[in-house]
Protein chains: 2
Amino acid sequence: MATKTLNVQGMSCGHCVNSIEGSVGELNGVETVKVHLQDGKVDVTFDSKKVDLKDITENIEEQGYDVA
Amino acid sequence: MATKTLNVQGMSCGHCVNSIEGSVGELNGVETVKVHLQDGKVDVTFDSKKVDLKDITENIEEQGYDVA
């Protein structure tokens with residue numbers, strides 16, 4: 001299991017939190033996802049044999065956010 | 001038909017726009033609702049015989065926004 005903290009810009013409200021946590025959390029191989037709104041950070045733990053970090057960042061970017 | 005522009009604080013993203021336009025738009029008597037995100041304003045046209053302005057502001061406040 002891998003753990004990564006992503007810097008994500010554009011998350012501004014509770015809807016954003018729900019949207020990202022819901023969508024990333026549904027990816028096969030993602031164990032946990034936690035958005036820290038004030039910090040602009042997203043903690044993700046995932047099985048790197050099942051999902052690439054790239055898939056996770058792309059999922060977030062497709063929702064309109066910038067992953068630094 | 002009455003028209004009113006409300007000053008609303010806390011609207012920060014597209015999710016907020018959809019949430020407010022969807023919810024207020026479903027109120028009986030509301031004809032149109034348009035959120036202006038950058039300006040923090042919500043334009044509403046409504047039939048004052050069917051819905052009070054108070055019902056509209058309460059609907060927005062119940063979603064967690066402040067109506068000035």
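The values are calculated or read from the model by the stated rules, or taken from the named source; none is laboratory data. Quick caveat: nothing in here was measured; it's all calculated off a predicted structure. Every residue, glycine as well, gets a Cβ built from its backbone with ideal geometry; the counts of neighbours run over all protein chains shown.
Points to keep in mind about this one:
- Scanning region B:4-23 for residues that are buried (at least 18 other Cβ atoms within 10 Å of the Cβ), assigned to a loop (DSSP other than H, G, I, E, B) and facing chain A (nearest Cβ under 8 Å) turns up B:S12, B:C13.
- Among the candidates A:D43, A:D39, residue that is of a type outside the set (A, V, I, L, M) and part of a strand (DSSP E or B): A:D43
- Taken as a whole, region A:36-52 holds at least one residue that is within 13 Å of chain B (Cβ to nearest Cβ), of a type in the set (A, V, I, L, M, F, W, C) and surrounded by 15 or more Cβ atoms within 10 Å (Cβ to Cβ).
- Boolean, A:V33 is modelled with pLDDT of 95 or more and assigned to a loop (DSSP other than H, G, I, E, B): no
- Residues that are closer than 16 Å to A:M1 by Cα and in a helix (DSSP H, G or I), drawn from region A:46-68: A:L53, A:K54, A:D55, A:I56
- Residues of region A:24-35 that are within 15 Å of A:D66 (Cα to Cα) and away from chain B (no Cβ under 14 Å): A:V24 alone.
- Residue check for A:E62: at pLDDT 95 or above, loosely packed, with under 13 Cβ neighbours inside 10 Å, within 24 Å of B:V17 (Cβ to Cβ) and out of contact with any Phe, Trp or Tyr (no Cβ under 8 Å at 6 or more places or on another chain): yes
Per-residue answers, yes or no, for (1) within 23 Å of A:G10 (Cβ to Cβ); (2) in contact (Cβ under 8 Å) with a residue 40 or more places away in the chain:
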{"position": "B:K4", "(1), (2)": "no, yes"}
{"position": "B:V8", "(1), (2)": "yes, yes"}
{"position": "B:G22", "(1), (2)": "yes, no"}
{"position": "B:N28", "(1), (2)": "no, no"}
{"position": "B:D39", "(1), (2)": "yes, no"}
{"position": "B:I56", "(1), (2)": "no, yes"}
{"position": "B:V67", "(1), (2)": "no, yes"}
